[in-house]
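Structure first, commentary second.
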Amino acid sequence: MLLCGCHVTNVIAQCNQMRRALDYKLEKGETEEVKDITMKAAATAAGAGAFVALGPTIQSMLVNANLGIVSTVAGADAGPFTVHFWAPMSKWLISGASFMDLDRPTDKISIAQYTALTLTGLFFSRYSLLVTPINYTLCSVNVALFGSSAWHLGRKINADYIADKPAAAPAAEEAASEEKVA
């Protein structure tokens, strides 16, 4: 139930972010773009609703068609007709975005955010191997999330707390000592 609550909260937060983005675009006078985004979102929601409604029928047809690997995958416990498949697949977007931005400037990296992402990747990598059915897709995406987030987190900690700062301090000390001499 806790996991469900987390997912519902996440969906609400993402919808709020979309609302804020659309409000911002409307303020800038980008009405046509807002209409386009709204139409695409409505079409996506309608398509998803149709797939949810027709999913069991399509799955039965594929499994009973004896199409070899296609029928096997369609009938799998963690196959494409279950949440065990689609949740990790959508999570690849987070990991992919993190991998695409490996050289992100450290001043744009949030320690709190990347700590949360790194720990999420770590904990859910283990969790994915404990649930029934064992979910290797969830494990792989969380290993990727852990790796990419730990990379960013390590770079941020190194830049803020470990690496030597630019030599601005010695220059300031020399200027102060020159003032005393003069």
- Item | Selection count, region 126-154, where residues are within 15 Å of Pro88 (Cβ to Cβ), among the hydroxyl-bearing types (Ser, Thr, Tyr) and open to solvent by 20 Å² or more (accessible area, probe 1.4 Å) | 4
- Message: Which pairs turn up if I take residues in region 1-15 that are assigned to a helix (DSSP H, G or I) and look for partners that are surrounded by 10 or more Cβ atoms within 10 Å (Cβ to Cβ) with beta carbon separation below 9 Å, at least 6 apart in sequence or on another chain?
- Response: His7/Ala87
- Task: Only residues that are touching a Phe, Trp or Tyr at 6+ places or on another chain (Cβ under 6 Å) and open to solvent by 50 Å² or more (accessible area, probe 1.4 Å): list them for region 84-124, please.
- Result: Leu122
- If only one of Thr9, Thr57, Thr38, Thr44 is within 24 Å of Thr82 (Cβ to Cβ), out of contact with any strand residue (DSSP E or B) (no Cβ under 8 Å at 6 or more places or on another chain) and either surrounded by 12 or more Cβ atoms within 10 Å (Cβ to Cβ) or at pLDDT below 90 (or both), which one is it? Thr9
- Message: Kindly evaluate Gly79 against the criterion of being loosely packed, with under 12 Cβ neighbours inside 10 Å and either aromatic (Phe, Trp, Tyr) or under 30 Å from Thr132 (Cβ atoms) (or both).
- Response: no
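Out of the residues in region 84-121 that are of a type in the set (Ser, Thr, Tyr) and part of a helix (DSSP H, G or I), state the one that is farthest from Asn142 (Cα to Cα). Full working, then the answer.
The first filter runs over region 84-121 and keeps only residues of a type in the set (Ser, Thr, Tyr), leaving 90, 95, 98, 106, 110, 114-115, 118, 120.
Of the ones still in play, those that are also part of a helix (DSSP H, G or I) are 90, 95, 98, 106, 114-115, 118, 120.
On the way: Ser90: 12, Ser95: 8, Ser98: 12, Thr106: 23, Tyr114: 13, Thr115: 14, Thr118: 9, Thr120: 7 Å.
Once the filter is applied, the top-ranked residue is Thr106.
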- Note on the structure: Per the filter on region 79-109, residues polar (S, T, N, Q) and in contact (Cβ under 8 Å) with a residue 40 or more places away in the chain are Ser95, Ser98, Thr106
- Query: When you scan region 12-35, how many residues do you find that are modelled with pLDDT under 90, open to solvent by 70 Å² or more (accessible area, probe 1.4 Å) and of a type in the set (A, V, I, L, M)?
  - Reply: 2
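The values are calculated or read from the model by the stated rules, or taken from the named source; none is laboratory data. This is a predicted model, so every value here is computed, not measured. Quick reminder, even Gly has a Cβ in these numbers, built from the backbone with ideal geometry, and neighbours come from all protein chains shown. Surface accessibility is based on the protein's heavy atoms, side chains included, excluding ligands, DNA and RNA. Shrake-Rupley method; radii C 1.70, N 1.55, O 1.52, S 1.80 Å.
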